[in-house]
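Remarks on the structure that follows.
The values are calculated or read from the model by the stated rules, or taken from the named source; none is laboratory data. These figures come from a predicted structure and were not determined experimentally. Methodologically, a virtual Cβ is constructed for each residue, glycine included, from the backbone with ideal geometry; neighbour enumeration extends over all protein chains shown. These accessible areas exclude ligands, DNA and RNA; they are computed on the full protein's heavy atoms, side chains included. Shrake-Rupley method; radii C 1.70, N 1.55, O 1.52, S 1.80 Å.
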Amino acid sequence: MQKKYEEVVAWIKGEMHAGRLKQGDKLPSESVLQKQFSVSRQTVRRALAVLEEEKITRSIRGSGTYIEIRRKQKQETMRIAVMCTYLDIYIFPLIVKEMEKVISDAGYTLQIAATNNAIEKERMILKSFIKDKSIDGLIAETTKSGIPNPNLALYQELEQMGIPVIFINSFYKELRIPHVSLNDKMAGKMVTQHLLDCGHMKIAGIFKADDGQGHARYAGYVEALMEADIKVKGKQIIWIDSDELEGMREDCGRILRRIRNCTACVCYNDEVANKLVGICMEQGIRIPEDLSIVGIDNSNLARFCEIPFTSAENPIRELGKVAGEKILERIRGNEGVESVELKPKLIMRNSVKVITNI
């Protein structure tokens, strides 16, 4: 006589055979399976444990149980691709340099591609990887991860071909692929909290709308203000996209209107903060006397700006190193690789005024 948990196992396998459950699909919750088969939670968990032992499913804490993606075996090329938004500016060269050290020490060569943060370019590059089958793994910086992306199926196709992926800096929430990044929410909260600690109550914010990092850093900004019992005012927040970032100075009228009457501003990253410093200097706004400015990443832009500014350090060397190590683990068949979010560190300079209440 078939045991109760075996009925659950048989049903799930049957659904897979019929094509109603596919690779990467999420199984019904434990409570749903309990009701469906009139069994206890313990019985359902035993069934799920059997499926996981057989490598049919994979459980993710806080998310659920999924049909495991079966990777096809492929001949090694000893080549790993790194696909970044940009390669020769800002923090990207140092990240790639650290990856290359780890990857070359393991006997692999690095293939580098840039999307220029364009979805169309990302799609073209991914399709070439699929067609040529010329890489063993991919380290990918997401393209505009704050908005829906039509290329997600291509990442899944790579995984199913036996080409594992690691995301860096951000990730696509719809995909169960590990990422290595800064803890962006923590960074946003850290710089905002620093302004609060220095006595600022009216704090503006400039964040990227088409970027998952921008959303996370905004969430940290909001959390810090709410914990300090300060209202989050939409009129003090400026949302920009990747294209608008380049033209911030041309858009200075809108930006200055938004931050008027604020004593401080949290910037999405050092690039934004650097441009805001330039706008302020052109308009005769003194830093930090009239406006305090903080950035995120602690790049050379923060250190060597005309007015060096406080920034939350992004440990980019460690990020590159860990990403290189994680892709090697996945190539070697470790299916238990988990995401890593690195902690920021506040680097203080003279861009923040301390407000004292007399």
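Observations
- Taking every alpha-carbon pair under 8 Å whose residues sit at least 6 apart, region 292-358 reaches a relative contact order of 42 percent.
- Shown is the FRET efficiency for residue 250 and residue 201, computed with R0 = 30 Å from the Cβ-Cβ distance and rounded to the nearest 0.05: 0.50.
- Accessible surface of region 1-130, 1.4 Å probe, proportion on carbon and sulfur as whole %: 50 percent
- Bins of 10 Å, starting at 0 and running to the largest distance - Cα pair percent for the chain: 5, 22, 26, 21, 16, 8, 2, 0, 0
- Of the residues 345, 353, ranked by 1.4 Å probe accessible area with the largest first, the sequence reads 345, 353.
- In region 150-275, inverting the average of 1/r over every pair of distinct C-alpha atoms gives 16.0 Å as the Kirkwood radius.
- Per atom type, region 243-335 shows carbon and sulfur on 43% of its accessible surface, probed at 1.4 Å.
- Surface exposure of region 256-358, expressed per residue as accessible area with a 1.4 Å probe, stands at 49 Å².
- Cα gyration tensor shape of region 1-127, rounded if a/c is under 1.5, else prolate or oblate by comparing a/b with b/c: prolate
- Region 231-315 shape via C-alpha gyration tensor axes, a/c threshold 1.5: rounded
- Length gained on full extension, residue 10 to residue 281, computed as 0.36 nm times the residue gap minus the Cα-Cα distance: 90.6 nm.
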